[in-house]
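Shown next, in structure tokens, is the structure this report addresses.
The values are calculated or read from the model by the stated rules, or taken from the named source; none is laboratory data. This is a predicted model, so every value here is computed, not measured. Cβ placement follows ideal geometry from the backbone for every residue including glycine, while neighbour counts extend to all protein chains displayed. Ligands, DNA and RNA are stripped out before the accessible areas are found, and what is left, the full protein with its side chains, is counted by its heavy atoms. Shrake-Rupley method; radii C 1.70, N 1.55, O 1.52, S 1.80 Å.
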Amino acid sequence: MTLSILWFILIAVLWTGYLFLEGFDFGVGILLKVIGKNDEERTQMLRTIGPHWDGNEVWLLTAGGATFAAFPEWYATMFSGMYLALFLILFCLILRISALEWRAKIATAKWRSTWDTIHTVTAVLVPVLFGVAFANLVQGMKIEVVDEMTGAVVTPDMVTQSLATATHQLTGGFFSLLTPFTILGGVAILAVCTAVGAQFLALKTEGDVRERANGLAAPLSIAATVVAAIFLIWGQFAYSANVLAWIPLLVAALAIIASTAFSQKALRREGLSFILMAVAIASTVTWVFSAMAPAVMKSSIDPAYSLLIDQASSSPATLVVMSIVALIFTPIVLIYTAWSYWAFRKRVSVGDVDQNPGLIPSKIRLGENFLAG
């Protein structure tokens with residue numbers, strides 16, 4: 001049981017890393033055509049995340065892999081019941097990666113502008129979808145325990161005795177995941193990503209882009225604070241019975257308020273504002289997992305149908321092996337991540353941008369194989 005709780009916490013840490021590091025990446029994409037007034041400025045903005053975005057995706061893969069290995073029934077219940085929503089997230093991530101990788105392949109403004117538009121659309125959709133998903137974990141979903149042999153729903157009083165031959169199943173369908181609370185969760189994550197994206201650009205760019213980013217960071221941070229506050233307070237009062245969840249909630253509230261204050265022109269501290277937003281995101285993820293506990297997936301039909309940490313976890317032997325591997329490799333990953341951000345810590349200016357990168361369309365001959373030399 002101790003190792004199960006440890007891995008529940010470690011998965012929360014992995015999601016914290018992903019939502020913060022990829023959060024400002026999404027924010028840059030969302031603001032790409034708002035702050036970037038021309039192709040050079042948009043290229044400048046993308047250069048700020050260029051060395052990091054693919055490494056940030058690893059946090060998502062690791063969180064998914066850790067869930068699969070440490071809590072196989074959690075993984076199975078979530079991925080089978082939320083299949084369409086998770087497919088939409090994956091599809092948007094693929095398009096976003098294509099936009100980042102293919103943007104510079106052809107030397108025309110129209111080509112790059114098209115991919116920038118795709119990048120912005122997917123950067124909006126992914127945080128919304130993740131927000132809806134996490135809000136469902138707090139609110140609870142239409143989960144029942146179903147007998148594998150008969151297909152009949154087990155009565156709440158017989159769940160414990162039936163788990164040997166029964167599984168937890170999300171029976172509500174895709175649209176049951178959409179409620180006022182979960183939609184607000186999507187809007188809250190979108191607002192926070194947009195605000196932290198503006199803060200990141202203010203911290204990492206020079207010139208006009210930096211000025212516009214600072215100008216937007218102030219109102220965007222206020223909007224994120226208001227929406228996040230409504231979401232967290234609603235979730236705590238309506239869906240969380242864990243008194244300890246108030247601790248990360250209050251830390252998140254204080255951090256995002258302070259981040260907003262240091263984004264305003266009178267008190268502007270770009271680095272401090274950005275760090276405080278990181279604290280707010282980490283505290284929010286902590287609150288989500290605290291509000292879920294002791295379940296990994298809460299049932300809105302009956303608490304007896306909730307999938308608990310010990311019910312979903314792998315065998316103790318599996319968790320021991322995973323813990324040893326994590327103990328060895330986690331420090332290496334953290335050190336490498338810190339080093340990469342330190343190595344690329346300098347601000348990016350318009351002068352750093354390559355002019356018209358990529359192939360020239362008029363010189364691409366139909367049917368030619370560039371691999372042939």
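Among the residues of the range 228-250, write down those that are open to solvent by less than 40 Å² (accessible area, probe 1.4 Å) and either hydroxyl-bearing (Ser, Thr, Tyr) or not in a helix (DSSP H, G or I) (or both).
Scanning the range 228-250 gives a single hit, Ser240.
Tally the residues that are over 19 Å from Ile183 (Cβ atoms) and open to solvent by 40 Å² or more (accessible area, probe 1.4 Å), restricting the search to the range 110-125.
Count: 5.
Looking for whichever is under 29 Å from Ala312 (Cα atoms) and loosely packed, with under 15 Cβ neighbours inside 10 Å here; the options are Pro180, Pro219. Which one fits?
Of the residues listed, the single one that is under 29 Å from Ala312 (Cα atoms) and loosely packed, with under 15 Cβ neighbours inside 10 Å is Pro180.
On the basis of being open to solvent by 10 Å² or more (accessible area, probe 1.4 Å) and at pLDDT 85 or above, does Glu144 make the cut?
So Glu144 fits the description; yes.
Hey, among the residues in the range 49-84 that are among the aliphatic types (A, V, I, L, M) and open to solvent by 20 Å² or more (accessible area, probe 1.4 Å), which one's nearest to the chain's Cα centre (by Cα)? Please lay out each step first, then the result.
Here is the first cut: in the range 49-84, the ones among the aliphatic types (A, V, I, L, M) are 49, 58, 60-61, 63, 66, 69-70, 76, 78, 82, 84.
Applying the additional criterion that residues be open to solvent by 20 Å² or more (accessible area, probe 1.4 Å) yields 58, 60-61, 69, 76, 78, 84.
Working: Val58: 12, Leu60: 8, Leu61: 11, Ala69: 20, Ala76: 20, Met78: 16, Leu84: 17 Å.
Among those residues, the one meeting the criterion is Leu60.
Right, Thr225: of a type in the set (S, T, N, Q) and either open to solvent by 30 Å² or more (accessible area, probe 1.4 Å) or touching a Cys at 6+ places or on another chain (Cβ under 9 Å) (or both) or not? Break it down stepwise before answering.
Values: of a type in the set (S, T, N, Q): yes; either open to solvent by 30 Å² or more (accessible area, probe 1.4 Å) or touching a Cys at 6+ places or on another chain (Cβ under 9 Å) (or both): no.
Considered against the rule, which asks whether it is of a type in the set (S, T, N, Q) and either open to solvent by 30 Å² or more (accessible area, probe 1.4 Å) or touching a Cys at 6+ places or on another chain (Cβ under 9 Å) (or both), Thr225 comes out as no.
Would you check which residues across the range 22-48 are open to solvent by 10 Å² or more (accessible area, probe 1.4 Å) and farther than 14 Å from Thr205 by Cα and list them?
Scanning the range 22-48 gives Ile30, Lys33, Val34, Lys37, Asn38, Asp39.
Specify which of the listed residues (Gly207, Gly271) is open to solvent by 20 Å² or more (accessible area, probe 1.4 Å), farther than 27 Å from Met82 by Cβ, touching a residue at least 60 places away in the same chain (Cβ under 8 Å) and within 22 Å of the chain's Cα centre (by Cα).
Every option except Gly271 fails the conditions.
Just to be sure before I move on: is Ile9 modelled with pLDDT of 90 or more and either within 16 Å of the chain's Cα centre (by Cα) or under 16 Å from Thr122 (Cβ atoms) (or both) in the structure I sent?
no
Please identify the pairs in which a residue from the range 328-340 that is under 13 Å from Gly55 (Cα atoms) has its Cβ atom under 7 Å from the Cβ atom of a residue that is surrounded by 13 or more Cβ atoms within 10 Å (Cβ to Cβ), counting only partners at least 6 apart or on another chain.
That search, which allows pairs on different chains as well, returns Thr337/Gly55; Ser340/His52; Ser340/Gly55.
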